[in-house]
Amino acid sequence: MELIDSKASFLNDLGDRIWASPELAFTEHTSAEILIQALEEEGFAVTRNVADIDTAFSGRFGSGKPVIGFLGEFDALSSLSQEAGVAEKKAPVAGGCGHGCGHNNLGVGSLAAAIAVKEYLQKTGKPGTVIYYGCPGEEGGSGKAFMAREGVFDELDCAFCWHPGTVNAVTSGSSLANDQILYSFTGVSAHAAGAPHLGRSALDAVELMNVGVNFLREHVIQEARMHYAIVNAGGYSPNVVQPTADVLYLLRAPQASQVQEIYERVNDIARGAALMTGTKVNIKFIKACSNTVLNLTLEKVLQKNMEEIPLPEYTQADREFAKAINDSVENKSVPFDRLIRRAPTEEIAEFLRSQIGKEINDFVVPLIHSEEAGGGSTDVGDVSWVCPTAQITTATWSADTPGHSWQIVAQGKSDLAHKSTLYAGKVLAGAAIDLLENPELIEKAKEEKRKKLGSDKPYICPIPKGVVPTPMGKQ
C-alpha cells in the first residue's frame, strides 16, 4: 500500500496520458507504448507483439510458481470525445473517441498491483512470478480471447482483473458469451426510377435480414441478446439502387453453445434475405468471447482485501463534482437493483437500500455471489476458462454514472478516478500476496474450477483458427 501511494503521481500520470490518446480496438499503439515504457522503467521483462497482435504485450518479474497474472485494458470507444472535469456534454473533437468505459484507469490499476507484487517478491525472496498482460481490443475485439486461443495464459495459476464502476464490490455473476459477425450483401446498381427492374438492392437485403432477426427474438432463449449496426448503407443517393450494404451483428447468450445455435439461425436469415432480393451475401466471422467461470474462492480473498484496505477519502470538491455529474444524467437506473435482487439475506438488501442517494458510493458492498449471467460480455471470460479468475469494481465514477457515456470520459482524469484506481491496485495486490502466502488457496481455487467445469478439459476458444483481430471500424 505504501509503495502504491509513493507512486501515485507516476501512476495517475499514466492514466491521464492514456485518457488523452483514446484509441480504438487493436489500434492502441500510443496507449500500449505508455504502459510498456512504465513496465520497463519498473524492471519488468517486456514481451511485445504477444499472440501476433501489434498492441498486445506482457511484463514479467520473478521465477517459479505460483504464476499470478494481472489483466490490463486500455482501448477507448468511438464517438465519445468529451472534455475532462466538466458536468456538461462538450466534445472537443466532433465524432472523436473517448475513454467511455474507463480503460485508461483499468490498465493502470492492474499495473499498480503488478508493481506492488513485484516489490513483495523482491523484499521477501519468495518464489513466484507476476505477469502483467496488456490486453487490447476489449471493446468489440475480444483481445483476450485471441490471446487465450494462442495459449498466452496457459502458464497462469490464477488471474485477477478489475473494472472502473460506480460501486466498490467483488464482481460476481457470470457474463454473456458472444459472437460478432459481418454480413456483406452485394447486388446490382441501377437507376431507381428509370430502370428499377434492373437493380438488385443490397440495402433491401440488409433491411429484410434485420426484420427477420427481429421476428426471431420471440423464438430464442430469454437471456439472449441480438444487436446490429448498419455500417454501410450503400451510398447517399436514394435514386440509385444500392449495390452494396453491410450490417454488423453481435449475438449474445449465457453459453457459447447457445450463441452458436443462434448464429446458425441468423446465417439462415441472411441467406434468405439474399434469396428474396436476388443478391449475394458474404458472412465474415469477426470475433467471439466466452462466458465467465466464477471462482468463489478467489472472490472471498478479494472481498477480505476490499474490507481490510482503507477506502479513499473524498473531499468536498470530489462530492460536489460527483453530484453535478449525477444531476446531468437524464435516465437513471434503479440503484443497486441487481445487487439487491441477488442479495443472500434481507439484512444485506436493507443495507444496500440504506445507501441509495449518495453522490459517491463510499462503502464496500458485502460479498454477493451469484451464478446468474448479467447483460454484458467480457473477454475476461476466456481467461477464466484457462485458470481461476476473479475481478472487482471500484467507485471510480459518481453513483448515477451510466456505462459507455460522456460522463465517464468527463471523470476519467478526476481525483475520484485517481483515488479509486489506486485503491483497486492495492486490493488486487493484497489478494495476490495472500495467495503467495497461502498457496493452498490457489489449489482450492483450481479444484473449484475443475468441479464447476466437470473435468480438466482444455479450453476451446470460440474464435475459429484463421480469424485474426480486426481493428474497430475496419470490419
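All of the numbers you see were taken from the coordinates with simple rules; none came from a lab. All values derive from a computational prediction rather than experimental measurement. Using ideal geometry, Cβ is built from the backbone for each residue, glycine included, and neighbour counts are taken over all protein chains shown.
Observations on the structure shown:
- Taking the charge dipole of the chain about its Cα centre, with +1 at Lys and Arg Cβ atoms and -1 at Asp and Glu Cβ atoms, the residue from T297, C135, A322 reaching farthest to the positive side is C135.
- Calculated P(r) of the stretch 137-196 - Cα pairs past 18 Å, %: 65
- Positive dipole terminus of the chain, leading residue within S189, G98, A84 (C-beta point charges): S189
- Within the stretch 138-167: backbone nitrogen closer than 19 Å to the R450 label point (7 Å, Cα to C-beta): 154-159
- Computed from the Cβ-Cβ distance with R0 of 25 Å, the FRET efficiency linking T47 to D434 stands at 0.40.
- Label-to-label distance, nm, for residues given as L198 and E2 (7 Å Cα→Cβ offset): 8.3
- Antiparallel bridge percentage (DSSP; both residues within the stretch 1-145; nearest 5): 65
- Taking the square roots of 5 times each eigenvalue of the Cα gyration tensor of the stretch 228-300, largest first, gives ellipsoid semi-axes of 36, 15, 8 Å.
- Taking packing as the residue-averaged number of other Cβ atoms within 10 angstrom, the listed peptides 360-371, 120-131, 444-455 run from highest to lowest as 360-371, 120-131, 444-455.
- In the stretch 421-469 the Cα-Cα distances spread across 5 Å bins starting at 0 as 4, 16, 13, 13, 13, 16, 15, 8, 1 percent of all pairs.
- Under 17 Å from the Cα of K144 - lysines, other chains or at least 8 residues apart: K287, K465
- Cα-centre dipole for the stretch 338-475 with unit charges at Cβ (Lys and Arg positive, Asp and Glu negative), debye to 20: 520
- Contact order relative to length of the stretch 1-114, as percent, for alpha carbon pairs under 8 angstrom and 6 or more apart: 27
- Note on the stretch 307-430: Kirkwood radius taken over Cα pairs, Stokes-Einstein applied at 25 °C and 0.890 mPa s, translational D equal to 153 µm² s⁻¹.
- Using every pair of distinct Cα positions in the stretch 86-208, the Kirkwood expression returns a hydrodynamic radius of 20.0 angstrom.
- Counting lysine pairs in the stretch 27-141 that sit 8 or more residues apart in sequence, or on different chains, and whose Cα atoms lie under 26 Å apart gives 4.
- Simple Cβ-charge dipole of the chain, Lys/Arg +1 and Asp/Glu -1, about Cα centre, in debye nearest 20: 1040
- Between E346 and A229, the FRET efficiency estimated from the beta carbon spacing at R0 = 35 angstrom works out to 0.25.
- Taken as Cα centroids, the stretch 45-98 and the stretch 347-403 sit 21 Å apart, rounded to the nearest whole angstrom.
- About its Cα centre, the dipole of the stretch 177-289 is roughly 180 debye, where the only charges are +1 on Lys and Arg Cβ and -1 on Asp and Glu Cβ.
- Two-decimal Rg to Rh for the stretch 177-289 - Kirkwood Rh, Cα set: 1.03
- Translational diffusion coefficient of the chain (Stokes-Einstein, Kirkwood radius from Cα pairs, 4 °C, 1.567 mPa s): 56 µm²/s.
- Under the Karplus curve 6.51 cos²θ - 1.76 cosθ + 1.60, θ = phi - 60°, whole-Hz ³J(HN,Hα) for the stretch 44-57, x wherever Gly or Pro sits: 8, 7, 9, 10, 9, 6, 5, 6, 6, 10, 3, 9, 9, 7
- Among complete DSSP H helices in the chain, those whose alpha-carbon atoms stretch at least 15 Å along the helix's long axis and whose mean Kyte-Doolittle hydropathy reaches 1.0 are 202-216.
- Antiparallel %, DSSP beta bridges [both residues in the chain], to 5: 70
- At R0 = 25 Å, FRET efficiency that the Cβ-Cβ distance of F363 and E320 yields, to 0.05: 0.80
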